[in-house]
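Taking it in order: structure first as structure tokens, then the write-up.
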Amino acid sequence: MLVNAAEMLKKARAGKYAIGQFNINNLEWTKAILLAAEELKSPVILGVSEGAGKYMGGFKTVTAMVKAMDEELKITVPVALHLDHGSYDGCVACIEAGFTSVMYDGSHSPIEENLAKTREIIALAHKHGVSVEAEVGSIGGEEDGVVGTGEIADAGECKLIAETGIDFLAAGIGNIHGVYPENWKGLDFDALEAISKSTGGIPLVLHGGTGIPEDMIKKSISLGVSKINVNTECQLVFAAATRKYIEEGKDKQGKGFDPRKLLAPGFEAIKETVREKTRLFGGNDKA
Ligand code: 13P
């Protein structure tokens with residue numbers, strides 16, 4: 001059943017583990033993530049960027065696909081369908097389309113505007129039973145055309161945004177979307193500790209989950225991170241598996257090919273990544 005993400009993340013925070021948010025781009029990714037989460041008996045969050053939503057034919061198409069697949073594959077673990085880095089209009093559209101969770105990303109606006117718009121989204125979302133993630137201090141790197149500079153969030157601003165009644169908070173602590181550069185300084189745990197203390201125990205979200213060393217993942221969970229977003233890693237393993245299949249000549253180039261066979265190695269690779277991450281985050285057997 002599709003649920004909002006508030007309850008699963010509260011439990012994760014209390015139990016000192018994290019739930020994975022895995023971004024989806026098409027039917028194969030969705031199916032791989034749902035099946036891996038079911039296999040490991042872990043709650044899971046399907047992330048959809050605005051670009052991915054558009055690619056898949058619109059938010060209503062995404063909702064219909066995910067709901068039907070959840071039912072037909074007989075998925076029993078809690079599944080949240082979540083808008084990733086949403087604009088104000090994107091959040092409204094997703095709430096109307098039946099998403100169970102939205103992220104309003106006002107991190108690029110002045111804090112007063114971020115607070116005001118976040119409050120408006122909360123009022124609408126909560127009326128529909130939809131959970132809300134907000135962001136303070138932009139995440140570094142580039143995600144679907146959204147570029148952040150990787151600033152560290154201010155604990156005072158995090159306190160203000162937590163007080164608006166959001167369900168969980170993404171706060172920049174030196175994390176970056178995409179692959180981490182060689183000279184990356186690592187996560188700022190002093191900042192995370194301060195944010196954790198100032199936000200009254202709400203679940204914290206770590207974006208840019210690809211390529212963060214395991215010890216940093218574990219430490220961030222111990223300091224209040226309850227949701228970890230992974231996107232690039234699924235893209236990398238999907239591309240590598242598909243490339244290998246083609247390079248081995250298995251797509252019978254020139255003679256037509258079976259698209260189901262072509263996409264199968266990538267599908268399996270995503271499933272394996274979701275299994276690995278779920279175990280690392282400690283979400284297995286928590287559903
Ligand atoms: P990565 O692409 O670095 O895994 O980050 C994903 C993310 O944070 C989605 O919001």
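The values are calculated or read from the model by the stated rules, or taken from the named source; none is laboratory data. Computed from a predicted model, the values in this text were never measured in an experiment. For neighbour counting, all protein chains shown are included, and Cβ atoms are generated from backbone atoms with ideal geometry for every residue, glycine included.
Quick rundown of the values:
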| item | result |
| --- | --- |
| Odd one out for residue 160, checked against (1) among the aliphatic types (A, V, I, L, M); (2) farther than 18 Å from residue 104 by Cβ; (3) away from the ligand (no atom under 16 Å from the Cβ) | (2) |
| Whichever residue in the range 174-207 is modelled with pLDDT of 95 or more and within 16 Å of the ligand (Cβ to nearest atom) and, among such residues, is farthest from residue 153 (Cα to Cα) | 203 |
| Residue satisfying all of: in the range 98-135; part of a loop (DSSP other than H, G, I, E, B) and more than 20 Å from the chain's Cα centre (by Cα); nearest to residue 160 (Cα to Cα) among these | 110 |
| Those residues of the range 138-166 which are at pLDDT 90 or above and either crowded, with 22+ Cβ neighbours inside 10 Å or small (Gly, Ala, Ser) (or both), in sequence order | 153, 155, 156, 158, 161, 162, 165, 166 |
| Strands (runs of 3 or more DSSP E) fully within the range 161-258 counting 1 or more residues that are touching a residue at least 24 places away in the same chain (Cβ under 8 Å), out of contact with any His (no Cβ under 8 Å at 6 or more places or on another chain) and among the basic types (Lys, Arg) | 225-230 |
| Cβ pairs under 6 Å, 6+ apart, first in the range 20-32 and more than 15 Å from residue 45 (Cβ to Cβ), second part of a helix (DSSP H, G or I) and away from the ligand (no atom under 16 Å from the Cβ) | 28/263; 28/267 |
| Scan of the range 107-135 for residues that are within 15 Å of the ligand (Cβ to nearest atom) and at pLDDT below 95, ordered by number | 107, 108 |
| Qualifying positions in the range 62-83 - out of contact with any Leu (no Cβ under 8 Å at 6 or more places or on another chain) and either at positive phi or without any contact (Cβ under 8 Å) to a residue 40 or more places away in the chain (or both) | 64, 68, 71, 72, 74, 83 |
| Residues within the range 84-135 that are out of contact with any Leu (no Cβ under 7 Å at 6 or more places or on another chain), buried (at least 23 other Cβ atoms within 10 Å of the Cβ) and of a type in the set (A, V, I, L, M, F, W, C), tallied | 4 |
